[in-house]
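One structure is given here, and the rest of the page talks about it.
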Amino acid sequence: MSGLQVMSSGMLSLIQDLGRYGVAHHGLSTGGPADLHAHCWANQLLDNPSNASVLEITMGNVSFLALDDILMSLTGADTNPQVDGEPIATWRSFLLRKGQTLKLGYAKTGFRSYLAVAGGIDAPKVFGSSATVVRNQLGGLGVQSGRAIQKGDILPVCKTYTNDGKPFNWVPRLFIPKYSDEVSLSVIESYQSHSFSRQAKQTFYANPYQISDKSDRMGIRLQGNPVQMDLSGVISEGIAYGSIQFPSNGQPIILLNDRQTLGGYPKIGCVSRMSLMKLAQARPGSLIHFYRGDIERETEAYCEFMNFFSL
Amino acid sequence: MKVEVCRVSETSLIIYFGHSIDLELIERIAAFSQMVQERYQDKIYEVIPSYTTLLIEYYPLKVDVQELTQRCQREADKIANSDILSSKQKTVTFPVYYHPEVAPDLQNLASEKQLSVEQVIQLHSQREYTVCAIGFAPGFAFLGTVDAQIATPRHAEPRLKVAKGSVGIADQQTAIYPQETPGGWKIIGNCPVELFNINSEPMMPFDVGDKVRFEPISREKFLDLGGVV
């Protein structure tokens, strides 16, 4: 079996596929890529199915040694990637020859990179998914590991490379996002939104919030003008992807892929799917603005996205 | 009973069956949850029941959301107001070793409530509980409701470590911790039975709506069953 040896693993590098579905009623989190857009392009560039396992690298600063010739692609954050010291372009497929080293520097713009290999990383599946959810101790290189990738790990690659004469693929410039430290997110109002006063909503929509460094894949914690509420809690209910909840300090938390399945804080609604992909590339310290989105329009945009990547 | 079906995102609906905790409601939600799972198998990917609600996550490309909403409204109304409840619920009995050596809060709870330790054990183990929701951690079941005489708030500061198998009380709820985790519930015993095992089928011995009983056991039996002191 061919593989990619991890020489340095960076801050947090996790194996992810589209996630673990149909298990939330057991208390398990979905997992999956925080930035679905960059994940899908990484696979698309190699003609992989969207569910193929890739490596989600947070903040860059990783390096790998190819144990065989491996066709791969890199999307997401701009990390100044180099092969044996020579800069390479991202958002395209490339060949890493046996013995060559791929090195990603610290992310200059964006937060998460997606490294895919042709055929996908050969990681075991549990409940149909290899997605790493650290807090559930599931996924990754071992079935019940849930562990981030470490130095010395070998990422097994399903498919050995054969030169079939096909040219490399690249993502059209139009589809490559410009990541920024200031992001506007569309909010679909729902859940307890009717219990937030006009003034509370005014505070929420008119002021920027800063991403706290206590954020993780479970939730993005924000700091800014507190949103005053009369409601202190609700009876615990299922939490949808992107839910925006308010603990009693009035500081919003946006719940992501590794979120808990049930929760009892009041929620104003959900960040739209398309906006969540942008949020995944905003690093701690970035400024977030919220605006009121329209559920029909957001659904249409997400369906178009799903159709494009055959999700 | 008035049921409300609301869209919460591009891919999810929440159904509010009521606005206060009521064990009968939980059985109705469990019945509805089973029905939805069977009927829409390939169109929905998560069904998450809780005390008064059911969250449904669906594939927007496979579902006409207006139609799904209307159908859920109709079916939920029917189940909310029918006399026939889920017939699939079962009763599971768990052995529990109630002793201070595995239960750091047992003695305190007894003295706080001016009861003997034996009385606390009796009050906790003589009831039948309903699985109201599963969440927080894999296999963690919220069981309702405990006798008011032993209902007690969580610790103000959660413990960093609660042992696997710990049986705790938080307000009117009780639960068994399936894994070691941080937690704030008051611990009154330990159950040596594995509650969440991804290699067994089913992975968990219960579903929402099922009934749970606790059976006090001796130290000897606890150790026999694999308990750790």
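Each value in this text was obtained by applying a stated rule to the coordinates, not by laboratory testing. Small disclaimer: the values here were computed from a predicted structure and weren't measured. Every residue, glycine among them, receives a Cβ derived from its backbone with ideal geometry; neighbour counts consider all protein chains shown.
Observations on the model:
- In nm, spacing of pseudo-spin labels at B:Glu201 and B:Lys90 (7 Å Cα→C-beta vector): 1.4 nm
- About the Cα centre, charge dipole magnitude for the range B:4-81 (Lys/Arg +1, Asp/Glu -1 at Cβ), debye: 160 debye
- Relative frequency of Cα-Cα separations exceeding 18 Å in the range A:158-253, percent: 61 percent
- Proximity of backbone amide H atoms, modeled 1.01 Å from N, is registered between B:Asp171 and B:Thr152, B:Arg154 at under 5 Å, excluding neighbours fewer than 5 places apart on the same chain.
- Sorted by Cβ neighbour density within 10 Å, fewest at the top, the residues B:Lys161, A:Lys178, A:Lys267: A:Lys178, B:Lys161, A:Lys267
- Long-range amide H partners of A:Thr30 with built H, under 5 Å: A:Arg259
- Positive-end ranking of A:Gly119, A:Gly139, A:Ser63 along the dipole of the range A:2-175, with charges on Cβ about the Cα centre, is headed by A:Gly139.
- Residues with amide H under 5 Å from that of B:Arg159, placed H, sequence gap 5 or more: B:Gly183, B:Gly184
- Cα shape, the range A:182-308, gyration tensor, a/c 1.5 rule: rounded
- The C-alpha atoms of chain B define a longest principal axis, and helix B:23-40 lies at about 50 degrees to it.
- ³J(HN,Hα), Karplus 6.51/-1.76/1.60, whole Hz, each residue of the range A:304-310, x for Gly, Pro: 4, 4, 4, 5, 4, 9, 6
- About its Cα centre, the range A:60-216 has a charge dipole of approximately 200 debye under the convention of +1 per Lys or Arg Cβ and -1 per Asp or Glu Cβ, with nothing else charged.
- Note on the range B:52-108 and the range A:210-283: Cα centroid distance 24 Å, given to the nearest whole angstrom.
- FRET efficiency estimate (nearest 0.05) - Cβ-Cβ, A:Asp294 to A:Ser195, R0 22 angstrom: 0.55
- Straight-distance crosslink candidates among lysines, where the alpha carbon sits under 21 Å from B:Lys2 and sequence neighbours closer than 8 are dropped: B:Lys78
- Dipole magnitude of the protein assembly as shown, debye to nearest 20 (Cβ charges: Lys/Arg +1, Asp/Glu -1, about Cα centre): 860 debye
- Of interest is the spacing of the C-alpha centroids, which for the range B:122-163 and the range A:122-180 amounts to 39 Å.
- In Hz, Karplus ³J(HN,Hα) per residue of the range B:195-204 (6.51, -1.76, 1.60; θ = phi - 60°; x = Gly, Pro): 9, 9, 9, 5, 8, 9, 10, x, 6, 10
- Among the listed pairs B:Lys88/B:Lys211; A:Lys214/A:Lys278; A:Lys98/A:Lys159; A:Lys108/A:Lys159; B:Lys164/B:Lys221; B:Lys161/B:Lys186, a Cα-Cα separation exceeding 22 Å is found for A:Lys108/A:Lys159.
- Rounded to the nearest 0.05, the FRET efficiency derived from the C-beta distance between A:Asp181 and A:Glu86 at R0 = 45 Å is 0.95.
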